[in-house]
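All of the numbers you see were taken from the coordinates with simple rules; none came from a lab. Keep in mind that this is a model prediction, so the values were computed, not measured. Using ideal geometry, Cβ is built from the backbone for each residue, glycine included, and neighbour counts are taken over all protein chains shown.
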Amino acid sequence: MLHAVGRTEFDHAVIMVRDRLEELAPHFERQGYTLSDTAIHNLGSWNRLIVLESAYIELLGWPPGKPPARKEIADSPLGLEALVLRTNDAQATYERLRDAGFAVNPVQVLKRDAQFDGQVVEAQFHTVRFAEQPVPGIRMYFCRHITPEYVWTPALMDHANGATSVTRIDARSPDARATAEVIARVADVPVEAAGEGWDVLLGNVRLHVAQDAAASQPGLVALTLENRAGSHYTLDIGL
């Protein structure tokens, strides 16, 4: 479910499970989340999704007993580790980031099988990834959905626990202002002071970067979700 907005949106968050997808996925199902079937990307990784109203949460890894097929995730730690932003024009996003001085790779095609109306279909994406991450400790990239109807399906968005949306993303940094300003520059959105930290104003969610002098580098900390009753709670990722 994509919005036509004038400000870059949060697309999805990645929980890295490495080669433990089959072991860790039931933790989320026990909490009442509906997970998509396991799907294998053309690049060799596999995933399961928690699909919400305007975003989703991806459990990402690779089959056990095999080496990680994607270089950019080979050294990713377990847990909440990537922020994925939405683009409606991957080539234009690539050119904007390149011209702004970021080390960015050309547009890449990502594909995987999906279930839709009882049939196996091919979900397609165009991604823009960085050769060098703008913020060490927070993996970021952009995703354009070519077939969003294969991701945002009513069945996958129906969760027994009533989960509907991500309302807030929390991060920390030894220099909250600098981290927030870089993320805002990547996303091309405003940033503002918020308490002792800084907020990055994405189109569909606020990303709050807290000042943490004890942190060795920036990192994602938590996702706040909302359910149908309007209650807010922190996602329990079990790691």
13 Å beta-carbon shell around His159, net charge (K/R +1, D/E -1): -2
For region 132-137, just list the computed ³J(HN,Hα) in residue order, Karplus coefficients 6.51, -1.76 and 1.60, θ = phi - 60°, integers in Hz, with x standing in for Gly and Pro. 9, 5, x, 10, x, x
In Å, the Kirkwood hydrodynamic radius from C-alpha pairs for region 1-87 sits at 13.7
Taking the alpha-carbon set of region 31-126, what are its Rg and Dmax in Å? 15.1, 45
Could you give me the ³J(HN,Hα) list for region 111-123, computed from phi with Karplus coefficients 6.51, -1.76, 1.60 and θ = phi - 60°, whole Hz, x at Gly and Pro? 9, 7, 6, 8, 9, 8, 6, x, 10, 8, 10, 10, 7
Express in % the proportion of alpha carbon pairs of region 87-212 at distances exceeding 19 Å. 59
Out of residues 5 or more away from Ser165 or on other chains, whose amide H comes under 5 Å of its own, with H placed 1.01 Å from N in the peptide plane? Glu53, Glu226
In nm, what is the difference between 0.36 nm times the number of residues separating Asp236 and Ala131 and their Cα-Cα distance? 34.7 nm
Shape call for region 199-239 from the C-alpha gyration tensor, a ≥ b ≥ c root eigenvalues: rounded (a/c under 1.5), prolate (a/b greater than b/c) or oblate? oblate
Surrounding charge for Arg206, neighbours by C-beta under 14 angstrom, Lys/Arg +1, Asp/Glu -1, total -3
Counting only other residues whose beta carbon sits under 14 Å from that of Pro77, what net charge do I get with K and R as +1, D and E as -1? -1
For a quick size check, give me the Cα extents of region 161-230 along its three principal axes, largest first, whole Å. 36, 27, 20
Which semi-axes, in whole Å and largest first, does the equivalent ellipsoid of region 119-171 have when worked out from the alpha carbon gyration tensor as the square roots of 5 times its eigenvalues? 26, 20, 7
Looking at the chain only, what percent of DSSP beta bridges run antiparallel? Nearest 5 please. 75
From the phi of every residue in region 74-87, what ³J(HN,Hα) in whole Hz does the Karplus formula 6.51 cos²θ - 1.76 cosθ + 1.60 yield, where θ is phi - 60° and glycine or proline is x? 4, 9, 5, x, 4, x, 5, 9, 9, 10, 10, 9, 9, 10
Length gained if Lys66 through Phe116 is fully extended, taking 0.36 nm per residue and subtracting the Cα-Cα distance, is 15.1 nm
